[in-house]
Amino acid sequence: MPLDFTKQFVVVPTEFKLRNNTGCSWKVTVKLMNSRMTLDQGWVTYAAVHQIKIGYMVTFKLLTPDTLKVIIFDDDGIEVVNKCGKHDEAFAAKE
């Protein structure tokens, strides 16, 4: 995450819920690396389940202090719509 984004937090959260364009939520942990927040546990599985590929653009919007809205665009710039499917229960966020 950009350094300016990290500076928005008095205390860096230890996890975020990622909410996609269909309302599904996914839990990922956050780790500080070189003063920047990075998505850690849960992100690789999220990216695989949502079929994020090299060349795709992923945008994040802070909805609440612990929730990010995620919008994925394919390499043609078209928004990718992912329905809730097989989410790893270890990371699926409970509403």
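The values are calculated or read from the model by the stated rules, or taken from the named source; none is laboratory data. Source: prediction; values computed, not measured. Because the Cβ atoms are built from the backbone with ideal geometry, glycine has one as well, and the counts that use them run over all protein chains shown. The accessibility values were calculated without ligands, DNA or RNA, using every heavy atom of the protein model including side chains. Shrake-Rupley method; radii C 1.70, N 1.55, O 1.52, S 1.80 Å.
Across segment 16-55, what is the total count of residues that are in contact (Cβ under 8 Å) with a residue 12 or more places away in the chain, open to solvent by 80 Å² or more (accessible area, probe 1.4 Å) and touching a strand residue (DSSP E or B) at 6+ places or on another chain (Cβ under 9 Å)?
Residues that pass the stated criteria total 3.
I want to confirm something. Restricting to segment 10-56 and keeping residues that are outside any strand (DSSP E or B) and of a type in the set (Gly, Ala, Ser), which single residue is farthest from residue 73 (Cα to Cα)?
Among those that are outside any strand (DSSP E or B) and of a type in the set (Gly, Ala, Ser), it is 35.
Does segment 32-48 hold any residues that are out of contact with any Pro (no Cβ under 9 Å at 6 or more places or on another chain) and closer than 18 Å to residue 70 by Cβ, and which are they?
Within segment 32-48, the subset out of contact with any Pro (no Cβ under 9 Å at 6 or more places or on another chain) is 32-35, 38-48.
Those that are out of contact with any Pro (no Cβ under 9 Å at 6 or more places or on another chain) and closer than 18 Å to residue 70 by Cβ: 38, 39, 40, 41, 42, 43, 44, 45, 46, 47, 48.
Looking at (1) under 17 Å from residue 83 (Cα atoms); (2) in contact with a Leu (Cβ under 6 Å, 6 or more places away or on another chain), which is the one condition that is false for residue 28?
The failed condition is (1).
Looking at (1) more than 13 Å from the chain's Cα centre (by Cα); (2) of a type in the set (A, V, I, L, M, F, W, C); (3) modelled with pLDDT under 90, find the lone condition where residue 48 falls short.
Here residue 48 clears every test but (1).
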